[in-house]
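Down below is the structure, laid out as structure tokens.
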Protein chains: 2
Amino acid sequence: MKEDEITGWFRQQRQLSPAAIPIGIGDDMAQIALDHGASVLVTTDMLLDGTHFDLQTATLEQVGYKSMATSLSDCAAMATIPLAAVVAVALPHGWGGRQLQALHAGVVFAADKYRCPLVGGDITSWKTDGRFAVCVSMLSKPGDKPPVRRSGAKVGDVICVTGSLGGSGLRRHLEFEPRVNEALQMVQIADLHAMMDISDGLSTDLNRICGQSGVGALVEASAVPISEDAKAQADPLAAALNEGEDFELLFTLSPEQWGKLHRVWDDPVPITEIGVITNTGRMKIRTPEGRVLDLPPGGYDHLAMEV
Amino acid sequence: MKEDEITGWFRQQRQLSPAAIPIGIGDDMAQIALDHGASVLVTTDMLLDGTHFDLQTATLEQVGYKSMATSLSDCAAMATIPLAAVVAVALPHGWGGRQLQALHAGVVFAADKYRCPLVGGDITSWKTDGRFAVCVSMLSKPGDKPPVRRSGAKVGDVICVTGSLGGSGLRRHLEFEPRVNEALQMVQIADLHAMMDISDGLSTDLNRICGQSGVGALVEASAVPISEDAKAQADPLAAALNEGEDFELLFTLSPEQWGKLHRVWDDPVPITEIGVITNTGRMKIRTPEGRVLDLPPGGYDHLAMEV
């Protein structure tokens, strides 16, 4: 089973009451209704040594920062306001206060910067061999606008991304800025139909928006903003389309709303129009030469398409 | 550094605004204020193969149940109402849908039983060697009464526990019932001054209540309810005092309120008076023979005291 199949299976196991749980499994955060019309959103992210970072090259400060920034990016993906975080760790044998203080420094750097205080946690240790794992769970609340979901993309919508994509593994995945403020600014300016953060690569994550919205997409290859780190690679476009951990925002909105957003937007973080939502139910990409090809999730391969 | 020293260090690093975070680091859950007077509480618990369970003997259903029940016990410890849970997992190489479905069965068994739906999660895998870890984060809300903290014990209070203690490692730690309903019933009947759940053993956890409340305690050895599993051990009292993972409630209240609670209580889960809060600032235990000895956290040793 692939991740999306497993997530889908989980989602089908229990019917959540929409009154109690307005947003359940399958979005960037779940939303829980509280009394007096209030609600809170929650996300959890587990980061593992050797998978999401490598302690041979990354510092514990960087790991602490990344673990918070990953969850902050989920808050951004719904355009919600971060409230508080709890951090649970699994420590290798022999670790103690020194390592925890280094991790803590990275956690609170992000917590302070994004006004999302660390309010609790859990410290556990492997009894035998075991590598370092850190799990951040974060709460947020809706701003003036309702949380933006993955499922609202409409045929004819413009597809946009913040920042530039690809090559994150080189350096950016440890240092990225979650787009919390940009997301909150955007929903003040325009009505967004669908949004998520790009954690598994543009082609994979756009496929999730398409799947949950019941639509297709046509991406303009020449419009995809390619990061400097991706440009150094053999196939920069494939890197921008398929590589994960960009933690940029991917969203759709009507052409009218895009015009408005585009006109007003003066944040240093650029927003780029990269394509359009279609009624084909499939993801396609138009090459710079004008050929329209399938865009498989995670599978765009420049050389394969040339065959 | 010991766990409590590390937690204390973390707590001192940032001054949390009491208006935004009424309860911060160091209690069973943190409380976050929301608009319109609403608030939500959050806890996170990381459980590791080889530390908190052993997959050589425990099933994944049991682990799923325990991971939820551990966090539900935190909700009980504050006398709050569970709302929703998210579950993050770190999977060993080669695990997939089959293992996740077994884990899920245990998670939703607890979720259904305690009306605390699973609303999201994160599935990650170790790239190389790595053992199974599961991290549950849970939200709750206050009931009619404010959350019961660790810091409210008063000199003269009666000290009580639910259920019976010790020997949990034999079997009960995988199957225990979190005392969610009992806690909510108790606060309807009586005003509790301090409460927590016993996760690290009575002597260790009572020391936390004493430390945070600035008081001492005198425990009556003959009054401590010893579980059947502990009675089979060489030193049943030491097992009841020191062993962890009882997940029973430890609380204090005035003698008047205890009289009221004791009179009305008809739940199948017993409540037992085990001692009194003192102004000595130290934890003591009175042996059945009437001798008053120090009760070091985690360190009660029947044989050592006989010397």
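The values are calculated or read from the model by the stated rules, or taken from the named source; none is laboratory data. On a predicted model such as this, the values are computed, not experimentally measured, just so you know. Cβ coordinates were reconstructed from backbone atoms using ideal geometry, including for glycine residues, and neighbour counts include every protein chain displayed.
Within the stretch B:207-220, the set of residues being under 30 Å from B:Glu289 (Cβ atoms), surrounded by fewer than 22 Cβ atoms within 10 Å (Cβ to Cβ) and small (Gly, Ala, Ser) comprises B:Gly211, B:Ser213, B:Gly216.
The criterion of at least 2 residues that are over 19 Å from the mean Cα position of the chain (by Cα) is met by the following strands (runs of 3 or more DSSP E) wholly inside the stretch B:247-292: B:271-278, B:283-286. Within the bounds of the stretch A:1-15, is there any residue that is of a type in the set (S, T, N, Q) and touching a Leu at 6+ places or on another chain (Cβ under 6 Å)? No - not one qualifying residue is present in the stretch A:1-15.
Quick grid of which residues meet (1) more than 9 Å from chain B (Cβ to nearest Cβ); (2) at pLDDT 95 or above:
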{"residue": "A:Thr59", "(1), (2)": "yes, yes"}
{"residue": "A:Thr80", "(1), (2)": "yes, yes"}
{"residue": "A:Val87", "(1), (2)": "no, yes"}
{"residue": "A:His93", "(1), (2)": "yes, no"}
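Among the residues of the stretch B:102-141, those identified as facing chain A (nearest Cβ under 8 Å) and either farther than 17 Å from B:Leu72 by Cα or polar (S, T, N, Q) (or both) are B:Asp122, B:Ile123, B:Thr124, B:Ser125, B:Trp126, B:Lys127, B:Thr128, B:Asp129, B:Gly130, B:Arg131, B:Ala133, B:Ser137.
For B:Asp74, the stated conditions hold: it is charged (D, E, K, R), within 11 Å of chain A (Cβ to nearest Cβ) and surrounded by 24 or more Cβ atoms within 10 Å (Cβ to Cβ). Within the stretch A:75-83, one or more residues are in contact with a Ser or Thr (Cβ under 9 Å, 6 or more places away or on another chain) and closer than 19 Å to B:Asp27 by Cβ. Being touching a residue at least 24 places away in the same chain (Cβ under 8 Å), within 21 Å of B:Glu5 (Cβ to Cβ) and not hydrophobic (A, V, I, L, M, F, W, C) is the filter here; which residues of the stretch A:95-116 pass it? Correct list: A:Gln99, A:His104, A:Gly106. Just a yes or no: is a residue in the stretch A:196-212 in contact (Cβ under 8 Å) with a residue 40 or more places away in the chain, under 29 Å from A:Gly50 (Cβ atoms), touching a strand residue (DSSP E or B) at 6+ places or on another chain (Cβ under 8 Å) and among the polar types (S, T, N, Q)? Scanning the stretch A:196-212 turns up at least one residue that is in contact (Cβ under 8 Å) with a residue 40 or more places away in the chain, under 29 Å from A:Gly50 (Cβ atoms), touching a strand residue (DSSP E or B) at 6+ places or on another chain (Cβ under 8 Å) and among the polar types (S, T, N, Q). Mind checking whether some residue in the stretch A:199-217 is assigned by TED's automatic domain parsing to the domain that holds A:Ser39 and either acidic (Asp, Glu) or assigned to a helix (DSSP H, G or I) (or both)? No, that holds for no residue.
Determine if the stretch B:72-85 includes at least one residue that is farther than 22 Å from B:Cys116 by Cα and either touching a Cys at 6+ places or on another chain (Cβ under 8 Å) or of a type in the set (Ser, Thr, Tyr) (or both). No, the stretch B:72-85 contains no residue that is farther than 22 Å from B:Cys116 by Cα and either touching a Cys at 6+ places or on another chain (Cβ under 8 Å) or of a type in the set (Ser, Thr, Tyr) (or both).
So that you can scan it fast, the table gives a plain yes or no per residue for (1) of a type outside the set (A, V, I, L, M); (2) surrounded by 20 or more Cβ atoms within 10 Å (Cβ to Cβ):
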{"residue": "B:Val161", "(1), (2)": "no, yes"}
{"residue": "B:Leu165", "(1), (2)": "no, yes"}
{"residue": "B:Gly169", "(1), (2)": "yes, no"}
{"residue": "B:Asn181", "(1), (2)": "yes, no"}
{"residue": "B:Met186", "(1), (2)": "no, yes"}
{"residue": "B:His193", "(1), (2)": "yes, yes"}
{"residue": "B:Asp205", "(1), (2)": "yes, yes"}
{"residue": "B:Asp235", "(1), (2)": "yes, no"}
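Taking the stretch B:29-38 as the range and being more than 8 Å from chain A (Cβ to nearest Cβ) and either part of a helix (DSSP H, G or I) or touching a residue at least 40 places away in the same chain (Cβ under 8 Å) (or both) as the test, only B:Gln31 passes.
Looking only at the stretch A:1-28, residues that are within 7 Å of chain B (Cβ to nearest Cβ), under 20 Å from the mean Cα position of the chain (by Cα) and not in a helix (DSSP H, G or I) come to 2 in all. The residues of the stretch B:35-57 that are modelled with pLDDT of 95 or more and closer than 23 Å to B:Lys145 by Cβ, listed by number, are B:Ser39, B:Val40, B:Leu41, B:Val42, B:Thr43.
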